Each structure stands twice: as C-alpha cells, then as structure tokens.
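Participant: Can you keep this structure in mind? I'll have questions shortly.
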Amino acid sequence: MIQRIQSIWLLLAAVLNGAAFKLPFYSGDWVKDSLPNTIVNLNAQITVWNTIAAVLAGLLAIITIFLFANRKLQLRLTRLGMIISILLAAVCLFQTTQFNGGGISPWCILYFAAPLCFLLAANGINRDEKLVKSMDRLR
C-alpha cells in the first residue's frame with residue numbers, strides 16, 4: 001500500500017486539500033462583507049461549496065489509498081478527485097472577482113498543486129496496471 005509512489009501522491013493531495021482550510025487563496029476586502037476595510041481570507045471555509053469540495057477531495061484521496069487491490073476503481077476515484085480539486089481552484093479563482101481590493105496569496109500554488117498530485121497518482125496507477133497486464137501476458 002504505502003510502498004507504491006501513487007500512495008505518496010494521494011497522501012500529499014489529501015494534505016494539500018486539508019491545508020486549503022487554513023491557508024488563504026486570496027486576501028482582501030470582500031464585497032459581501034458589510035464592514036468596510038476588513039480583510040477577509042479566501043480559503044475553503046469561506047463558503048459551504050468550497051468546504052464540501054475540499055473535504056470531498058481530501059477524503060477521496062485518503063480512501064483511494066486503501067483501494068490498491070481494485071486499480072480500476074482507484075483510477076476512477078483518483079480522476080474524480082482531480083476534477084473536484086480543479087473545480088475548487090476554479091471556484092476560488094472566480095470568487096476573487098467578489099473582492100474590492102487585495103492580492104493573491106503565495107499559498108494559492110497549493111490549490112493548483114493538489115490536482116497535479118492526483119494526476120501523478122493516476123499515472124502511477126496506470127503504470128501498475130500496465131505492469132500487471134504484462135505479467136499476465138507472460139504466464
């Protein structure tokens with residue numbers, strides 16, 4: 001389970017999605033806030049949809065680690081986690097238009113690194129699948 005490289009990538013994707021709750025994507029004056037000149041950090045806790053997407057992507061990454069016996073299901077869930085992580089980053093990027101002023105945080109790179117980790121895990125799962133098929137062919 002942990003000796004495979006895709007397990008490391010999936011664990012890293014789960015950690016990055018968990019970090020989305022504390023590390024901001026964008027900081028500035030949010031239009032929806034009634035108080036002027038208050039700095040709001042845009043992270044996974046700002047709306048319910050951001051929270052659901054971050055939790056779902058993190059849980060998918062953790063659950064997928066333990067599905068090493070069923071590589072096809074593991075690959076499908078990895079792709080689903082990648083899509084959810086991309087949607088989370090896209091929603092956060094879209095929500096930056098709802099700010100009057102502010103700036104993108106350096107931590108926004110982590111929001112785009114989570115789908116990359118899912119992609120690298122999918123490549124590792126594909127590599128394992130090809131290896132198993134080639135071993136079956138030799139028998």
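The values are calculated or read from the model by the stated rules, or taken from the named source; none is laboratory data. Just so it is clear, the model here is predicted, and its values are computed rather than measured. FYI the Cβ positions are ideal-geometry reconstructions off the backbone, even for glycines, and counts take in every protein chain you see. Just so you know, the surface numbers come from the protein's heavy atoms only, side chains and all, with ligands and any DNA or RNA stripped out. Shrake-Rupley method; radii C 1.70, N 1.55, O 1.52, S 1.80 Å.
Participant: So Ala121 passes all but one of these: (1) open to solvent by 50 Å² or more (accessible area, probe 1.4 Å); (2) closer than 18 Å to Phe68 by Cβ. Which condition number does it fail?
Facilitator: That leaves (1) as the condition not met.
Participant: Any idea which of Ala20, Ala44, Ala69, Ala113 is under 30 Å from Val132 (Cβ atoms) and in contact (Cβ under 8 Å) with a residue 40 or more places away in the chain?
Facilitator: Being under 30 Å from Val132 (Cβ atoms) and in contact (Cβ under 8 Å) with a residue 40 or more places away in the chain holds for just one of Ala20, Ala44, Ala69, Ala113, which is Ala113.
Participant: Quick one: Ile39 ticks every box in (1) among the aliphatic types (A, V, I, L, M); (2) open to solvent by 100 Å² or more (accessible area, probe 1.4 Å); (3) within 17 Å of Ser7 (Cβ to Cβ) except a single one, so which number is it?
Facilitator: The failed condition is (3).
Participant: Still on this model: Could you check Gly101 against (1) in a helix (DSSP H, G or I); (2) surrounded by fewer than 16 Cβ atoms within 10 Å (Cβ to Cβ); (3) in contact (Cβ under 8 Å) with a residue 24 or more places away in the chain and say which number it fails?
Facilitator: (1)
Participant: Counting only residues that are touching a residue at least 40 places away in the same chain (Cβ under 8 Å) and under 14 Å from Ile83 (Cβ atoms), how many does region 47-57 have? Before the answer, list the steps.
Facilitator: Step one: filter region 47-57 for residues touching a residue at least 40 places away in the same chain (Cβ under 8 Å), giving 47, 49-50, 57.
Still in the list and also under 14 Å from Ile83 (Cβ atoms): 57.
Count: 1.
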